[in-house]
1. Around V85, what is the net charge, scoring Lys/Arg as +1 and Asp/Glu as -1 over all other residues with Cβ under 11 Å from its Cβ?
2. With a sphere of radius 13 Å drawn around the Cβ of M1, what net charge do the other residues whose Cβ falls strictly inside it have (Lys, Arg +1; Asp, Glu -1)?
3. How far apart, in nm, are the 7 Å Cα→Cβ label points at R20 and E7?
4. Just to confirm a number: summing +1 for Lys and Arg and -1 for Asp and Glu over residues other than A39 whose beta-carbon lies under 11 angstrom from that of A39, what do you get?
5. In Å and from the alpha-carbon atoms only, list the Rg and Dmax of the chain.
Amino acid sequence: MTLASTEIDASGAKGGGTIRVGGAQARSVAMDAASTIAADATARGRGGAVTIRSIGTTAVHGLISAQGGPQGGDGGRIETSGPTVDFAG
């Protein structure tokens, strides 16, 4: 699976949502530098959860955020995993 110049946004005023890319059946996942994924709280609330994983190479070169709200709230969770994880580039 490849994310090329892709924007995924599951942000919300009361908290961020859940985004999953790849998974247990994905041989590889690549996210290019022009891609963004956001699961932020935009007012008051907890940041969401973002998971990008594969059973091979997981390449993450774009921007991922799961921030708590500016009016209060804890940050969320970001997981990037696989046997090989590439952040270079």
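1. Overall, the nearby charge balance is -1.
2. Net local charge, M1 excluded: +2.
3. Between R20 and E7, the label points sit 2.6 nm apart.
4. Result for the local shell: +1.
5. My reading of the Cα-based Rg and Dmax gives 13.1, 40 Å.
Read the figures in this text as sums done on the coordinates, not as results from a lab. Please read these numbers as outputs of a predicted model, since none were measured by experiment. Please note: Cβ atoms are built from the backbone with ideal geometry, for glycine as well, and neighbour counts cover all protein chains shown.
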